[in-house]
1. What is the fewest-to-most order of 72, 205 by other Cβ atoms lying within 10 Å of their Cβ?
2. Roughly how many Å is it from the Cα centre of the range 215-260 to that of the range 24-66, as a whole number?
3. Between residue 111 and residue 260, take the C-beta separation as r, use R0 = 45 Å, and let me know the FRET efficiency to the nearest 0.05.
4. Could you tell me what percent of the DSSP beta bridges with both partners in the chain are antiparallel, to the nearest 5?
5. Suppose R0 equals 35 Å. What FRET efficiency, 1/(1 + (r/R0)^6) with r the Cβ-Cβ distance, do residue 293 and residue 220 give to the nearest 0.05?
6. By counting other Cβ atoms within 10 Å of each Cβ, how are 151, 14, 231 ranked from fewest to most?
7. Once all Cα-Cα distances of the range 1-87 are split into 10 Å bins that start at 0, what whole-number percent is in each one?
8. Using a/c under 1.5 as the rounded threshold, could you call the range 166-262 rounded, prolate or oblate? The axes a ≥ b ≥ c are square roots of the C-alpha gyration tensor eigenvalues, and prolate needs a/b larger than b/c, oblate otherwise.
């Protein structure tokens, strides 16, 4: 079926008449009528029947409708892309990030980006690292933001900044004068803690270090998110180990101290090597880096 027949078929479906279809396609009514007759002769069956002055699709046409709609949608998408391909602000920004980063850094970076590129379409997804890797490889997103090492032969990792593992505690747990001092991991011996069940490289390393503490910390409550850990700690549930962004941005009344341990938390941007970053994506990562570094510097002050 030729493309001009598909366009006419879709136009008649949309308007219900040859006159309307002709106006939509900017052709004459006789030309539209002739093209419809040619399409039906080419296919070997009628596409429309006339009922009370309007054209109604036949059963055969209804069977084709879904495919015709999909072809036309792809044509519209192609037209939009070809019209805007030279305008950097027109490229969609598709970002996937962990829930922690979606609630801390990413909203500020997107807000600033929108002031520079107000016409940019932005899609934001929240995923844990394993799902994030799959999303990038399947081209469902273009940039991933994570605090985990996502070593993968099909992805490039770009470090943006480093921070410390933080210990969070209920209000009044430590004297005010001690809050700027790193807490030795040995100080967690025998302490009540909120356990975090996230299975990632950072969590596995922390579990390894905590296993060497004697007596072992007492974890009776286990959660799947750092945000829930903050809520429980603020209500007196014990201590917890979290990333620096969760610690800095939590709305809960918490005390925070860096953990004295040679284990940095690295904020990473991840993307496919066969898709170089465009201007919008590069600017977005610059903003994420700026906000991350500013947040960490403010916490260290």
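Bear in mind these aren't lab numbers, they're just calculated from the coordinates by the rules spelled out. Predicted model, so just to flag it, every value in this text is computed and none were measured. Here the Cβ is made from the backbone with ideal geometry for all residues, glycine too, and neighbour counts use every protein chain on show.
1. Ranking 72, 205 by Cβ neighbours within 10 Å, fewest first, gives 205, 72.
2. When both Cα centres are located, 66 Å separates them.
3. 0.80
4. On the way: 22 of 38 bridges.
Of the beta bridges lying entirely in the chain, close to 60 percent run antiparallel.
5. Calculated value: 0.45.
6. Listing 151, 14, 231 from fewest to most nearby Cβ atoms yields 151, 14, 231.
7. That works out to 17, 48, 26, 8, 1, in percent per bin.
8. Details: a/c = 1.37, a/b = 1.12, b/c = 1.22.
Judged from the Cα gyration tensor, the range 166-262 comes out rounded (a/c under 1.5).
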